[in-house]
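Note sheet for the following structure.
The values are calculated or read from the model by the stated rules, or taken from the named source; none is laboratory data. All figures in this text were calculated on a predicted structure; none of them were measured in a lab. All Cβ positions, even for glycine, are placed from backbone atoms using ideal geometry, and neighbour counts span all protein chains on display. Ligands, DNA and RNA are stripped out before the accessible areas are found, and what is left, the full protein with its side chains, is counted by its heavy atoms. Shrake-Rupley method; radii C 1.70, N 1.55, O 1.52, S 1.80 Å.
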Amino acid sequence: MDAPAGGNARFDIASLPLPVIQAPMAGGPSTPELAAAVSSRGGLGFLAAGYKPAAAVKSEIEATRRLTGAPIGVNVFVPQPPVISPGALEQYALSLAPDAGRFGVTLGDPRHDDDDWDNKIEVLLEHVPEAVSFTFDVPESAVIGALQQRGACVIGTVTSRPEAMRALDAGVDVLCVQGPEAGGHRGTFDTARRPEGESLHGLLEELADLGVPLIAAGGIATGADVRGALSRGAVAVQAGTAFLRADEAGTKAAHRLALSTGRFTTTAVTRAFSGRNARGLYNEFMRRHDGEAPDGYPEIHHLTTPLRAAAAAAGDADWLNLWAGTGFDRTVAGPAAHILAALRP
């Protein structure tokens, strides 16, 4: 695909009519319909490339393009080398076996893979979204440069100043600053490091001197939250949990119900489901396995996949990863357009 006229001219996050980005939520919630609904109304809708083959990513980009002519984004997980030992993996699998037996399923193959990385990059270079964000690390500069040359704004997800410096050294255009309030996987580059306690606002203030656009992510659920982040230097916010109950979202029924009934009263950070730190509603699975879950993504993600699928099919929220940020109790159900309007600063 030829570079855009004017050389490196590419999409500018600060040009959004409404400075709200719908966060990419892998595992089902992010859909072409949700991304298109947000983008069509002035925000920026994102697709999540995680956990799916490149062909599915291509299909979702094409489906979203049919639904809207507005800018869209795609998020990609950056693969990392394996860190878990065979012994730790075997021990955790033995601990999970009774849970799998409860649902009559066999645990998954705890393989290490790169999530179809090379093929996904090829898809993005051919079907260029206006924005491409990376999580868990930053890719090599050649990948970032190739996307920029085709007109994509490249965003690096960071949770600390050292990560921000690495992302900038690699050449990203924008930093998505993810505070500890965020739901789902923490974007830390070092999987063994526990999320730090510094708030989103604190991180924004710490990174304000870097001279690049900042996107604020974590606990964004209301217009007041948006205003608070923008007042601390962000050019836009990224909200995920706020859209989990949107009509257009692919959120599992048990997950939707868990967000609305009041049964789950708090969130916690766990690696029990995937082997990587992630924030979700605190449930029985986390209560049982938090203390023993090893560091080991994506092996543990693959190991627990059949168990989580069976729990979802049974409507059992206690054995399902209920990813959610600290603002989960302020979510509402309805069209994405209404949720987006409520986030207007």
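List of remarks:
- In segment 164-175, the residues that are within 16 Å of residue 233 (Cβ to Cβ) and part of a helix (DSSP H, G or I): 164, 168
- Extreme residue, nearest to residue 287 (Cα to Cα), among residues of segment 124-139 that are part of a helix (DSSP H, G or I) and open to solvent by less than 50 Å² (accessible area, probe 1.4 Å): 124
- Screening 216, 208, 221, 229 for residues that are in contact with a helix residue (DSSP H, G or I) (Cβ under 6 Å, 6 or more places away or on another chain), outside any strand (DSSP E or B) and of a type in the set (A, V, I, L, M) leaves exactly one candidate, 221.
- Residues of segment 79-91 satisfying the condition of being surrounded by fewer than 16 Cβ atoms within 10 Å (Cβ to Cβ) and part of a helix (DSSP H, G or I): 86, 87, 90, 91
- Complete set of residues in segment 140-163 that are in contact (Cβ under 8 Å) with a residue 60 or more places away in the chain, open to solvent by less than 10 Å² (accessible area, probe 1.4 Å) and assigned to a loop (DSSP other than H, G, I, E, B): 152
- Test: residue in segment 24-42 that is surrounded by fewer than 22 Cβ atoms within 10 Å (Cβ to Cβ), in contact with a helix residue (DSSP H, G or I) (Cβ under 8 Å, 6 or more places away or on another chain), over 20 Å from residue 138 (Cα atoms) and among the aliphatic types (A, V, I, L, M): no
- Filter pass, residue 250 being in a loop (DSSP other than H, G, I, E, B), out of contact with any Phe, Trp or Tyr (no Cβ under 9 Å at 6 or more places or on another chain) and modelled with pLDDT of 95 or more: yes
- Criterion violated by residue 187 - all others in (1) among the small types (Gly, Ala, Ser); (2) in contact with a Gly (Cβ under 7 Å, 6 or more places away or on another chain); (3) surrounded by 24 or more Cβ atoms within 10 Å (Cβ to Cβ); (4) within 28 Å of residue 62 (Cα to Cα) satisfied: (2)
- Members of segment 24-67 that are part of a loop (DSSP other than H, G, I, E, B) and in contact with a Pro (Cβ under 9 Å, 6 or more places away or on another chain): 30, 41, 42, 43, 49, 50, 51
One line per residue, one yes/no per condition, for (1) buried (at least 19 other Cβ atoms within 10 Å of the Cβ); (2) over 28 Å from residue 142 (Cα atoms):
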position	(1), (2)
20	yes, yes
77	yes, no
93	no, yes
113	no, no
119	no, no
122	no, no
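- Residue tally, condition touching a residue at least 40 places away in the same chain (Cβ under 8 Å) and surrounded by fewer than 21 Cβ atoms within 10 Å (Cβ to Cβ), over segment 310-325: 5
- Residue 59 passes every criterion in (1) more than 15 Å from the chain's Cα centre (by Cα); (2) hydroxyl-bearing (Ser, Thr, Tyr); (3) open to solvent by less than 10 Å² (accessible area, probe 1.4 Å) apart from (3).
- Within segment 286-307, being outside any loop (DSSP other than H, G, I, E, B) and either touching an Asp or Glu at 6+ places or on another chain (Cβ under 7 Å) or farther than 21 Å from residue 114 by Cα (or both) holds for 286, 287, 288, 289, 302, 307.
- Residue check, residue 105 modelled with pLDDT of 95 or more and under 22 Å from the mean Cα position of the chain (by Cα): no
- Evaluation of residue 6 against (1) at pLDDT 95 or above; (2) surrounded by fewer than 16 Cβ atoms within 10 Å (Cβ to Cβ); (3) not polar (S, T, N, Q) (one fails), failing number: (1)
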